[in-house]
Amino acid sequence: MTIEFVWQWLSTILLIGGCLWSLWRGETPERWGGGILLVGFGVTVLAQILQPKDVYDGVSIVMIDVIGLIAYVILSLWSRRIWTLFMAAFQLNTVISHFAVYLSSHVDMYTQITAVGLWGGYGVSLVLIAGMWNLERKRRRTAA
C-alpha cells in the first residue's frame, strides 16, 4: 500500500462522508455546500475518465473547479457563514494551483497535483466538516 493510495482514498472518504453528513443533518447553507462539493467531485471523476490518458489537467477539470469557485463565492455571500468564506478561499487556491506549472519554472507536475489535492480535496472537505461540527455544537447549546 503506497502513500498515494492512502492519500487519495482518505480524501475521498472525508469528502463523501462530509457531504453525506451535510445533506443529512445540515441546514440550507451546509446542504448547498455539500451538494456543490459532491456534484463537483462526481463530474470531475467523469471528466478524468473521459479525457485523454496523457492529459492530467484538462480544460474540463479546470472549468469544473472555476464553476465550483463561483458557486462557493455565491454561497458565501448569500449565507454569511464563516466556513463558506474559507471554502471559497480554498477553492480559489485550487484554481490558482492549476496554473502554477505555467507561472513558475520551479513547480513541477507532482507539486501541482499535490497542491490541487490538498486545497481541493482535503481543504474543502475539512472546511465542510468544520461547518457541520459548528452547526451540531450550536444545536446542542440551544437544546440544553
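Every number here is computed from the coordinates shown, using simple stated rules; none is lab data. Here the structure is a predicted model, which is why all the values come from computation and not from measurement. Ideal geometry is used to build each Cβ from the backbone, glycine not excepted, and the neighbour counts take in all protein chains shown.
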Anything in the chain that counts as a DSSP H helix reaching 30 Å or more along its axis (C-alpha) with Kyte-Doolittle mean of at least 0.0? List them, would you?
-> 3-25, 28-50
Most exposed first, judged by fewest Cβ atoms within 10 angstrom, D54, D108 run D54, D108
Between I49 and I113, with labels modelled 7 Å along Cα→Cβ, what's the label distance in nm to one decimal, could you check?
-> 2.0
Rounded to the nearest 500, what is the chain's calculated 222 nm mean residue ellipticity when only DSSP H runs of at least 4 contribute -39500 (n - 2.57) each, over all residues?
-> -27000 deg cm²/dmol
Which order results if H106, H98 are arranged by neighbouring Cβ count within 10 Å, fewest first?
-> H106, H98
Simple spin-label estimate for W9 and R31 in nanometres, 7 Å along Cα-Cβ | 3.3
If the chain between V39 and L103 were fully stretched, how many nm would it gain, using 0.36 nm times the residue separation less the Cα-Cα distance?
-> 20.1 nm
What order, most packed first, do the peptides 41-51, 134-144, 71-81 have when packing is the mean number of other Cβ atoms within 10 Å of each residue?
-> 71-81, 41-51, 134-144
Using Cα pairs under 8 angstrom and six or more residues apart, how large is the relative contact order of the chain, in percent?
-> 28
Can you tell which of V101, V66, V127 shows the greatest fluctuation in a Gaussian network model of the chain with Cα springs below 10 Å?
-> V101
Quick one: in the range 86-144, what % of C-alpha pairs are over 17 Å apart?
-> 49
Using a Förster distance of 22 Å, how high is the FRET efficiency between A143 and W24, based on the Cβ-Cβ distance and rounded to 0.05?
-> 0.80
